[in-house]
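Data first, discussion second: the structure below is written as structure tokens.
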Amino acid sequence: MGGRWQPNPGRRAPLREQHIRLVEKKADKVLFTAIVTAPVDTGRYKRSLKKERIPTGWRISANTHYAKFLEFGTRRMRAYRTLGRALDAAKRR
């Protein structure tokens, strides 16, 4: 009896991979919804929307200097909430 308990890695791996695929699928839905609903003037913001793998899951981001203004608005401009609405829509599905 003196050993330390070790989980069976062969049984855990498929479940872990299944969860990773499920989270990636959800991230794809968020990205797709964000791209479809993104406001378009020049198209730069829409083209900058990307999905990237991070240690805790996936990150959806926009790589433009004005993305925060589109998402949260300003004193003179309403917030579009593109990523927020895409995330809300993915939660409902």
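The values are calculated or read from the model by the stated rules, or taken from the named source; none is laboratory data. This is a predicted model, so every value here is computed, not measured. We place every Cβ from the backbone using ideal geometry, glycine too, and count neighbours over all the protein chains shown.
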Checked region 36-65 for anything among the aromatic types (Phe, Trp, Tyr) and either assigned to a helix (DSSP H, G or I) or modelled with pLDDT of 95 or more (or both); matches are TYR45
Condition first: at positive phi, free of Cβ contacts under 8 Å to residues at least 12 places away in the same chain and either surrounded by 12 or more Cβ atoms within 10 Å (Cβ to Cβ) or of a type in the set (A, V, I, L, M) (or both). Now tell me which residues in region 37-93 satisfy that. GLY73, ARG81
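Rundown of residues vs (1) among the aromatic types (Phe, Trp, Tyr); (2) closer than 30 Å to GLU17 by Cβ, yes/no style:
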| site | (1), (2) |
| --- | --- |
| THR64 | no, no |
| PHE72 | yes, no |
| TYR80 | yes, no |
| GLY84 | no, yes |
